[in-house]
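J.: Quick one: the structure is below, questions incoming.
The values are calculated or read from the model by the stated rules, or taken from the named source; none is laboratory data. The shown structure was predicted, so the numbers you read here are calculated from the model rather than taken from an experiment. Ideal geometry is used to build each Cβ from the backbone, glycine not excepted, and the neighbour counts take in all protein chains shown.
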Amino acid sequence: MARLALRPDLSLALVCLGLYVATAAQVRLGSGTALAVAYQAFAQPVAQAVGHLTALAQDLAVGRQDWQKTLAQLQQLKEENQRLARENQILASELLILRQAHELLGSFPSFQRQAILAAVVSRDLLGTHTLVVNRGRRHGVERDSAVVATEGVLGRVDLVWEEAARVQLLSHPAAAAAARVVGVEGEALLLGGERPRLEGLPPYTEVPVKSPVVTTGSEGIYAPGLPLGITGKSEVGAMFTVVPVTLVARPEDAVAVLLLPRRRVAP
Amino acid sequence: MKFAFLLLVALLVQAALTAPSLPWLLSAIHVWLVVVVGRARGAPAHTAGWFGLVAGLAADLSRGLPVGPSGIAGALAGVGVARASTVFELAGPLFWVIGTLLATGITEAVTAGVYASLGAPPPHSWLGAAAALAGTACLGFLTAALEWGWGRFFSPDARRRRALRRRR
């Protein structure tokens, strides 16, 4: 029996030739094989699974983008909230100034034409006993102009800049004002400091407690009749009566003040 | 056996690459050809040819095409790559890149020739052939890079180097 032995490369070529013929037959017939249909049925779920995985990855990417956008919006809203809070604070402060200024002008109608309305910019009530207001030389403020709040006298201008002025409060140790007690004869000197007091009253003067103390204007700074404080229990000294005074103006609450022009007293 | 398993994986990947959610260019890649190229490394030409023939037939089946043209093309590609790697002593990344380029070129040319000689319309035009060439070459490059990376960290040489470093 003859043994058919072919070289592997020749047999490969022969198989290829056979495949060519088979291909030609398939092309003529134009129908798919059962194996191809079976493979397609097997491969279809694979493609679908990849499609699902890709869709999941896209959803994750979109979700991440949305998350980043939401975080950016949150940051933006936080910043806007801070800005609005600042604006609200400024507006509330301006409203307070306007209200106080309105009350102030209502309390001293006679000064409305000549007084300068100013807002308090800063205050140092314990260290230097001063306030700084936002009106200065450019607005007509002069040294020794009287400064009043709604309740009464706060002090006087002791330093003037171009755009601002410093107010020395009556609580300053060096502050002083000519004053009188309503219903009591005689003029006294109100001395400032931590415990303001009236000095210079004649000996043995009876001063009722809780009597209003007002300016007399004789020192040439304050207009007469401005409220300064309320008397406490007087102490009769060797020569003069000393009366403690509680100042009525509260510099810690003042946000708007009136600067009254300096009074010129004829020598 | 190893290459039969790789061929099965390649056909599954080929099917996965046709998913509509993936870029259309990926479906043109002949993943099975990369396995044929891998089989052709260091193997006799006829062995690579037979493997290419089987792989091509499977590829035809998987794409619902007439069974045969890709088989013939795969056989010629296997033989061509095996011969080229022997003659030009191709090795390393160069083998993969040139091998995939050569195999895809042969496959596309042979397939087009078979269809043209039978008077049947080819499954794709020259644009598809160009996409297949570019895509498969890229896959060959990626395979070369992976092989290089694998050898860099997991080869016996790399293990020996790491062991020496630890002893110092």
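J.: For a quick check of your reading of the model, give me the residue pairs whose first member lies in region B:95-122 and is over 30 Å from B:Glu147 (Cα atoms), whose second is of a type in the set (S, T, N, Q), with beta-carbon atoms closer than 7 Å and at least 6 apart or on different chains.
T.: That search, which allows pairs on different chains as well, returns B:Val114/A:Thr23; B:Leu118/A:Thr23; B:Pro122/B:Thr111.
J.: Within region B:46-65, can one find any residue that is in a loop (DSSP other than H, G, I, E, B), touching a residue at least 60 places away in the same chain (Cβ under 8 Å) and within 16 Å of B:Thr111 (Cα to Cα)?
T.: From region B:46-65, those in a loop (DSSP other than H, G, I, E, B) are B:64-65; that's our starting set.
Then keep just the ones that are touching a residue at least 60 places away in the same chain (Cβ under 8 Å); that gives none.
No - not one qualifying residue is present in region B:46-65.
J.: Among what's in region A:166-197 and is out of contact with any Pro (no Cβ under 7 Å at 6 or more places or on another chain) and without any contact (Cβ under 8 Å) to a residue 24 or more places away in the chain, pick the residue that is farthest from A:Ala118 (Cα to Cα).
T.: Result: A:Glu185.
J.: Considering only residues that are more than 9 Å from every other protein chain (Cβ to nearest Cβ) and buried (at least 21 other Cβ atoms within 10 Å of the Cβ), which ones fall in region B:2-21?
T.: Across region B:2-21, the qualifying residues are B:Leu7, B:Ala10.
J.: A:Gln65 passes all but one of (1) touching a helix residue (DSSP H, G or I) at 6+ places or on another chain (Cβ under 8 Å); (2) more than 10 Å from B:Ser21 (Cβ to Cβ); which number fails?
T.: It fails just one condition, (1).
J.: Then there's this: Within region A:118-134, track down each residue that is under 23 Å from A:Ala176 (Cα atoms) and either of a type in the set (S, T, N, Q) or surrounded by fewer than 22 Cβ atoms within 10 Å (Cβ to Cβ) (or both). Explain how you work it out, then say what you get.
T.: At the first step, the residues of region A:118-134 found to be under 23 Å from A:Ala176 (Cα atoms) are A:118, A:120, A:122-133.
A:Val120, A:Ser122, A:Arg123, A:Asp124, A:Leu125, A:Leu126, A:Gly127, A:Thr128, A:Thr130, A:Val132 - these are the residues of region A:118-134 that are under 23 Å from A:Ala176 (Cα atoms) and either of a type in the set (S, T, N, Q) or surrounded by fewer than 22 Cβ atoms within 10 Å (Cβ to Cβ) (or both).
J.: Looking only at region B:67-94, filter to residues that are within 8 Å of another protein chain (Cβ to nearest Cβ) and in contact (Cβ under 8 Å) with a residue 12 or more places away in the chain; which one of those is farthest from A:Cys16 (Cα to Cα)?
T.: Looking at residues that are within 8 Å of another protein chain (Cβ to nearest Cβ) and in contact (Cβ under 8 Å) with a residue 12 or more places away in the chain, I get B:Val79.
J.: Shifting gears a bit: Determine if region A:224-233 includes at least one residue that is surrounded by 13 or more Cβ atoms within 10 Å (Cβ to Cβ), of a type in the set (S, T, N, Q) and under 25 Å from A:Arg166 (Cβ atoms).
T.: Looking for residues that are surrounded by 13 or more Cβ atoms within 10 Å (Cβ to Cβ), of a type in the set (S, T, N, Q) and under 25 Å from A:Arg166 (Cβ atoms), one finds none in region A:224-233, hence no.
J.: Something else about it: Of the residues B:Thr100, B:Thr107, which single one is more than 14 Å from every other protein chain (Cβ to nearest Cβ) and crowded, with 18+ Cβ neighbours inside 10 Å?
T.: B:Thr100
J.: Let me ask another. Could you count how many residues in region A:27-48 are over 11 Å from B:Ala16 (Cα atoms), modelled with pLDDT of 75 or more and at the interface with another protein chain (Cβ under 8 Å from one of its Cβ atoms)?
T.: 1
J.: If I go through region A:84-98 residue by residue, how many of them are under 14 Å from A:Ala118 (Cα atoms) and among the acidic types (Asp, Glu)?
T.: 1
J.: If you don't mind, there's one more thing I want to ask. Regarding region B:27-35, can at least one residue be identified that is touching a residue at least 24 places away in the same chain (Cβ under 8 Å) and among the polar types (S, T, N, Q)?
T.: No, region B:27-35 contains no residue that is touching a residue at least 24 places away in the same chain (Cβ under 8 Å) and among the polar types (S, T, N, Q).
J.: Right, next: Does region B:22-36 contain at least one residue that is in contact with a helix residue (DSSP H, G or I) (Cβ under 7 Å, 6 or more places away or on another chain), under 23 Å from A:Gln44 (Cα atoms) and at the interface with another protein chain (Cβ under 8 Å from one of its Cβ atoms)?
T.: Yes, the conditions are met somewhere in region B:22-36.
J.: Those residues that are polar (S, T, N, Q) and closer than 26 Å to A:Pro261 by Cα, I need them from region A:171-225; list them, please.
T.: Those that are polar (S, T, N, Q) and closer than 26 Å to A:Pro261 by Cα: A:Ser171, A:Thr215, A:Thr216, A:Ser218.
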